[in-house]
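Computed from the coordinates by the stated procedures, all read-outs in this text should not be read as laboratory data. The model shown is predicted, which means the values in this text are computed figures rather than measured ones. Reconstructed Cβ throughout: ideal geometry from the backbone, glycine too, with neighbour counts over all protein chains shown.
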Amino acid sequence: MGAFNKVLLCYDSSREGRRALLQGAELAQQAGAEAHLLAIAPGFAGSMIDTPSEVAIRNYEKNVKEVLREGVERLRARGLTATGHLVFGNPIEQIPAVARRLGVDLIVVGHKPCGAIARWWAGPGNAQLLDRVDCSILVTIGPDGTPNP
């Protein structure tokens, strides 16, 4: 086996998330690694005024589960051993927690400056993802290094 036996791919169906999925899948194939696909839904804790309706939450959760299912199918179609994981809460907290629980060697995230994925990279108060993990991180960026439209 290679240096990476377990790879955690953070996926949200955005262009950046798909690029991370493809590049992470390629790397996992080359390393002969297990692939774990992570989808994170926001936690809807808070006051009743800020909380979406139960129907909206169920619809959102259904969409996240569909995105996760689609991603796992893409990985398995490439011949990888793939497992999907759905968690709720803040990505900057959930990614390191899931990575530790699974004992992964590599986390793969897609990056778009100032985009949704940027929240995974740097959380509130400059609490960076790098400071919270015990393994390597691969950040995928577009071919020209510029933000996608």
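Key figures
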read-out: Footprinting exposure proxy for 62, 6 (fewest neighbouring C-beta atoms within 10 Å first); value: 62, 6
read-out: Computed lengthening from residue 14 to residue 131, 0.36 nm per intervening residue step minus Cα-Cα distance; value: 39.6 nm
read-out: 5 angstrom amide H check on residue 9, placed H, neighbours 5+ away; value: 36, 37, 38, 108
read-out: For a label point 7 Å along the Cα-to-beta-carbon line of residue 77, residues of region 1-37 with backbone N under 18 Å; value: 11-29, 35-37
read-out: Neighbour-count order for 68, 86, 9, fewest beta carbons within 10 angstrom listed first; value: 86, 68, 9
read-out: Residue 3/residue 53 FRET efficiency (R0 35 Å; Cβ-Cβ; nearest 0.05); value: 0.15
read-out: Likely footprinting exposure, 10, 135, fewest C-beta neighbours within 10 Å first; value: 135, 10
